[in-house]
Amino acid sequence: MDNTQTIQPYKETFSIRRFARRNGTQIGIISVFFALWITFIVSAPNTFLSPMIYKAFMSTIPFFAIMAMPLTLAVIAGEIDLSFTSIMAMGMIIFILVYDATSNVWVAFLAALVTGLFAGFLNGILVVKLGIPSLVATIGTQFFWRGAVLVLSQGKSGTLVYTKESLLRPILVGKIGGELPMQMIWLIIITIAAWALLNRHRFGAHIYLIGDNENSANLMGINSGAVRIIVFSLIGVVSAFAGVIASLYVTYFWPSLGDGYLLRTLASVFLGGTSVFGGTGTILGTFIGAFIIGSIEAATVAVGLTGFWTKLIYGFIIVSSVAMHAFLRKRLK
Amino acid sequence: MTNRIEFKNVSKCFGEVEALQGVNFHLGQNEVVGLLGDNGAGKSTLIKILTGYYQPTGGEIYFNGDPVEDLTVPRARELGVETVYQERALAELQTLWRNIFMGRELTTSFGFMNVKKMQAETHSLMTESMGFTSTAVTPNSAIQTFSGGEKQGVAIVRALYFDADIIILDEPTMGLSLKETRKLLNFVRGIKAAGKSAVFIDHNIFNVFSVADRVVVLDRGTVAGEFMTSEISLDDLMDKMYRIAETGSFEGEVDEGFSEGK
């Protein structure tokens, strides 16, 4: 067949039913988002009609939402990563050690990112080259990196006020016009980058293919091992980045940095409609999922429940969204 | 005329198991070779070496008379080999266009995909080669809803799109209806008519006999025999197949009850 001949561009006629069928999970998550939002406004109008709460969301949600983006890629590829919260802290302890040695925040920042990249790469090697299931491998590295952080920091926390003198802090966590947090801008940048990678780049196409049917992908010449290693590396570098912004925001380092983000990040991905079975999932879904998860804590308190309810609700959301996917998958088969 | 592909003394071990032992095999210019053999005879292993998916443990491979070392899937494609795999090598949840271009997406720059072009190409392939007429199916349809024959059509059209001149079909009639099978056999004849070569693997000896120029019989990892279909009748070939299944060679007597009873 002649590939060079000019081919009529394909234009699909629009059909509402087809659109609904194809984007079912995304329409679902957007509907859940608005339903919850309206519920929040009705139950706690003082909180949810004031811009304050939205500024707070834009400050705090990006810390875990940006990690949910590369994590979405991993789940679509049929993998999981549970070590990223420790990688956040590992990157940050390297940041501090390198700053102590060089007194240069930029070098320290770069060192943190390289550390994250390496930690993610190591996860990839364990999973791909040694064939350890990612669930187990990353539980192991989660403990390993947390342990390394505790040893290196001697369990001590420390101030990061010195970063206030550099331009790095306003670039990462400053406020545009005193209102819009920079971490929100970074979240948007990383979201768009992840979307472009997943939907417009060959690499993203390969992620979907290996998550759907790895054997087919390999037969068709896709190097699925390399794709997985790159995905784990991306999670590593983005987690280190998230660790730096979360620490610089409070200008303080705790060795427990990242604890508490694991559930929220995973919940964002699964709530956003990414299938735990691999092969399907969207970045938009994860983005909305993160904002739902991030607002639940504030909302439970604002509507008059105690904070103890938050985890129960997280758990309910994870189980019900994964169960819904298992159900849909069964029905399609 | 040099052979399109030649295997000299090729073997393949998986640990202790010798799947192929010193196999000599060739595919001529504009020739359709049928590959027959029981389960575990080594048909799929031979094919996967040919397509670069497995690397042989010993022996030599020649393309157009030139030795090729380290044959990989992309290298085999460069050499003009396209494969319709037994397992069809499709990704069911993905769209039609993603399946057609699986592993070699058309890109613009920096690896970014030319999605519009791939959709347009897929659309023209659908109407011209796959015979889809329903407007319900578009290049953006996930292929999980397709019938077995339609999925096979996707796998075949994909093999043809990239302008291969050696087409490998591994058990292509599996799961197809009679009508779809007939269509497939005509398609194999079309490959030959277009001056290309093919290797056709099938459990069904009738299918192989009706399209192949030459039949190669594998048994327990070795070539047990080769026959030109123009020089042997279907009955004789079947008789020989039974002998191989019984004894591992064409020599010796066959249990009469077995060969007649079937």
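The values are calculated or read from the model by the stated rules, or taken from the named source; none is laboratory data. These numbers come from a predicted model, not from an experiment. Please note: Cβ atoms are built from the backbone with ideal geometry, for glycine as well, and neighbour counts cover all protein chains shown.
Quick rundown of the values:
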| item | result |
| --- | --- |
| Residue count for region A:141-171, restricted to those that are closer than 23 Å to A:ILE235 by Cβ, touching a residue at least 24 places away in the same chain (Cβ under 8 Å) and among the small types (Gly, Ala, Ser) | 2 |
| Selection from region A:147-188 of residues that are basic (Lys, Arg), touching a helix residue (DSSP H, G or I) at 6+ places or on another chain (Cβ under 8 Å) and over 19 Å from A:LEU110 (Cβ atoms) | A:LYS175 |
| Residues (hydrophobic (A, V, I, L, M, F, W, C) and either out of contact with any Ser or Thr (no Cβ under 7 Å at 6 or more places or on another chain) or assigned to a helix (DSSP H, G or I) (or both)) located in region B:167-195 | B:ILE167, B:LEU169, B:MET174, B:LEU176, B:LEU178, B:LEU184, B:LEU185, B:PHE187, B:VAL188, B:ILE191, B:ALA193, B:ALA194 |
| Single condition B:MET102 does not satisfy, out of (1) farther than 19 Å from A:GLY221 by Cα; (2) aliphatic (A, V, I, L, M); (3) in contact (Cβ under 8 Å) with a residue 40 or more places away in the chain; (4) within 7 Å of chain A (Cβ to nearest Cβ) | (1) |
| Candidates A:ILE189, A:ILE139, filtered to the one that is surrounded by fewer than 17 Cβ atoms within 10 Å (Cβ to Cβ), under 20 Å from the mean Cα position of the chain (by Cα), within 23 Å of A:VAL250 (Cβ to Cβ) and at pLDDT 95 or above | A:ILE189 |
| Count of residues meeting criterion [buried (at least 18 other Cβ atoms within 10 Å of the Cβ) and either assigned to a loop (DSSP other than H, G, I, E, B) or within 14 Å of another protein chain (Cβ to nearest Cβ) (or both)] in region B:46-67 | 9 |
| Filter result for B:ALA164 (in contact with a Ser or Thr (Cβ under 7 Å, 6 or more places away or on another chain) and surrounded by 20 or more Cβ atoms within 10 Å (Cβ to Cβ)) | no |
| Wholly enclosed helices (runs of 4 or more DSSP H) of region A:27-124 bearing at least 1 residues within 26 Å of A:THR251 (Cβ to Cβ) | A:51-76, A:84-102 |
| Among (1) more than 13 Å from every other protein chain (Cβ to nearest Cβ); (2) under 24 Å from A:VAL128 (Cα atoms); (3) surrounded by fewer than 18 Cβ atoms within 10 Å (Cβ to Cβ); (4) of a type outside the set (Gly, Ala, Ser) - the single one A:ARG228 does not satisfy | (3) |
| Residues that are of a type in the set (Val, Ile, Thr) and touching a helix residue (DSSP H, G or I) at 6+ places or on another chain (Cβ under 8 Å), drawn from region B:5-20 | B:ILE5, B:VAL10 |
| Whichever residue in region B:68-84 is surrounded by fewer than 24 Cβ atoms within 10 Å (Cβ to Cβ) and touching a Phe, Trp or Tyr at 6+ places or on another chain (Cβ under 9 Å) and, among such residues, is farthest from the other protein chains (Cβ to nearest Cβ) | B:VAL68 |
| Odd one out for B:ALA89, checked against (1) farther than 23 Å from B:ILE168 by Cα; (2) not in a helix (DSSP H, G or I) | (1) |
| Residues that are part of a helix (DSSP H, G or I) and of a type in the set (A, V, I, L, M, F, W, C), drawn from region B:102-154 | B:VAL115, B:MET118, B:ALA120, B:LEU125, B:MET126, B:MET130, B:ILE143, B:VAL154 |
| The listed residue being within 14 Å of another protein chain (Cβ to nearest Cβ) and of a type in the set (Asp, Glu), out of A:ASP212, A:ASP259 | A:ASP212 |
| Answer from A:LEU49, A:LEU82, A:LEU126 - the residue that is crowded, with 17+ Cβ neighbours inside 10 Å, without any contact (Cβ under 8 Å) to a residue 40 or more places away in the chain and aliphatic (A, V, I, L, M) | A:LEU126 |
| Odd one out for A:LEU271, checked against (1) modelled with pLDDT of 95 or more; (2) crowded, with 24+ Cβ neighbours inside 10 Å | (1) |
| Condition check for B:ALA159: under 18 Å from A:ASN213 (Cβ atoms), at pLDDT below 90 and under 17 Å from the mean Cα position of the chain (by Cα) | yes |
| Counted residues, region A:245-264 - those being in contact with a Lys or Arg (Cβ under 8 Å, 6 or more places away or on another chain) and not aliphatic (A, V, I, L, M) | 2 |
| Residues (over 17 Å from B:GLU226 (Cβ atoms) and either surrounded by 21 or more Cβ atoms within 10 Å (Cβ to Cβ) or free of Cβ contacts under 8 Å to residues at least 24 places away in the same chain (or both)) located in region B:25-45 | B:ASN39, B:SER44, B:THR45 |
| Region B:6-24, subset without any contact (Cβ under 8 Å) to a residue 40 or more places away in the chain and assigned to a strand (DSSP E or B), residue nearest to the chain's Cα centre (by Cα) | B:PHE14 |
